[in-house]
Amino acid sequence: MLAIPPEAGVAFLFLIKYMAKKIAIIGGGNLGASIAEGLIMSEFSRPVELSITRRNLSTLSRFEERGCMVHSDNKKAVRESEVIILAVKPYNYADIVREIKPALNPKKHIVVSVITGVWIEQLQKAIGKPIPVIRAMPNTAIAIQQSMTCLSHAGASTSQLNYIQQLFDQLGKTVMIDEKLMDAATVLGACGTAYAMRYIRANIQGGIEIGFDATTASLIAAQTIKGAAELLLEKGTHPEHEIDKVTTPKGCTIAGLNEMEHQGFSSSLIRGLVASYNKIVKD
């Protein structure tokens, strides 16, 4: 999250207020709702500046209660906003774009797509107007401002790109990549959340088998993974460097690591990543 020096607080808040844009999230499913939650929690957007659409509005009642505009009229949401975040399913994007196209204004709007597998060129062709398109791939940790978001763009000005990058910087970490790597980013950064959760679940199950109750095992497993990740992020070291610190000759750590590798731990993870990538590419 953006660090704000105390002496710059008033100026920063004035700048954010001045820069504030109304945002429409088209598709308030899991990811769309997570983005909305993160924007509110980070105070980057006030609830009244957010519109969230979905056919089934009952799942968005918590946002309506906080002051967000919640409805099923996508065109209305677009007309009343400046930043349009498309968070719909890939098979729905063409119909959604066709629906909102009349309301899109090149002088007003920025389109941000978090749709898996849909390229910027495809969106530009469907929109049919010279509107800047930024493709973003966050993950569901965006709801707690801990996402890893990869960004690529076409037709966006420096100020527009800076605004969108700042938006996602409030919600975790961002990196600009070539769009040709976006499918790989989806697997490593978005699908990666599920892979990490599966590892934590297995850790918890192992912890229960060696004597812990489920609650304690869950706490130890989750905090250990969080700490391991923070070591890499803060120190910028390689995982093997940190592994070496806890593996002593003939020790229990190396015995466990070797057994995991004998059972295909690293190779199964790599094969899983490649399988997910191939699924995206081939579909």
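Worth a mention:
- Test: residue in the stretch 252-268 that is surrounded by 12 or more Cβ atoms within 10 Å (Cβ to Cβ), under 25 Å from Ile142 (Cα atoms) and not small (Gly, Ala, Ser): no
- Identity of the residue in the stretch 6-21, within 19 Å of Lys108 (Cα to Cα) and among the hydrophobic types (A, V, I, L, M, F, W, C), that ends up modelled with the lowest pLDDT: Ile16
- Of everything in the stretch 148-163 that is in contact with a Pro (Cβ under 9 Å, 6 or more places away or on another chain) and aliphatic (A, V, I, L, M), the residue that is nearest to Leu39 (Cα to Cα) is Met148.
- Given (1) closer than 17 Å to Asn139 by Cα; (2) crowded, with 16+ Cβ neighbours inside 10 Å; (3) of a type in the set (Gly, Ala, Ser), number of the condition Ala229 does not satisfy: (2)
- Segments classed as helices (runs of 4 or more DSSP H), wholly inside the stretch 199-283, with at least 1 members that are more than 20 Å from Leu188 (Cβ to Cβ) and not β-branched (Val, Ile, Thr): 214-235, 239-246, 252-262
- Subset of the stretch 251-281 [basic (Lys, Arg) and modelled with pLDDT under 95]: Lys279
- When the residues of the stretch 141-164 are filtered to those that are surrounded by 15 or more Cβ atoms within 10 Å (Cβ to Cβ) and of a type in the set (Val, Ile, Thr), the one that is farthest from Ala196 (Cα to Cα) is Ile164.
- Residue among Ala77, Ala36, Ala3, Ala24 that alone is modelled with pLDDT under 90 and among the small types (Gly, Ala, Ser): Ala3
- Among the residues of the stretch 234-251, the ones that are exposed (fewer than 10 other Cβ atoms within 10 Å of the Cβ) and within 24 Å of the chain's Cα centre (by Cα) come to 2 in all.
- Here is the figure for the stretch 186-203: residues that are among the hydroxyl-bearing types (Ser, Thr, Tyr) and farther than 12 Å from Pro138 by Cβ total 2.
- Here the condition is being modelled with pLDDT of 95 or more, surrounded by 12 or more Cβ atoms within 10 Å (Cβ to Cβ), small (Gly, Ala, Ser) and within 30 Å of Ile115 (Cα to Cα); of Ala222, Ala217, it holds for Ala222 alone.
- Residue count, the stretch 77-101 (criterion: in a helix (DSSP H, G or I) and in contact with a strand residue (DSSP E or B) (Cβ under 8 Å, 6 or more places away or on another chain)): 6
- Odd one out for Thr149, checked against (1) among the β-branched types (Val, Ile, Thr); (2) over 19 Å from Glu230 (Cβ atoms); (3) in the same structural domain as Asn30 (by TED's automatic domain parsing); (4) without any contact (Cβ under 8 Å) to a residue 60 or more places away in the chain: (2)
The values are calculated or read from the model by the stated rules, or taken from the named source; none is laboratory data. On a predicted model such as this, the values are computed, not experimentally measured, just so you know. With ideal geometry, Cβ positions are generated from the backbone for all residues, glycine too; neighbour counts draw on all protein chains shown.
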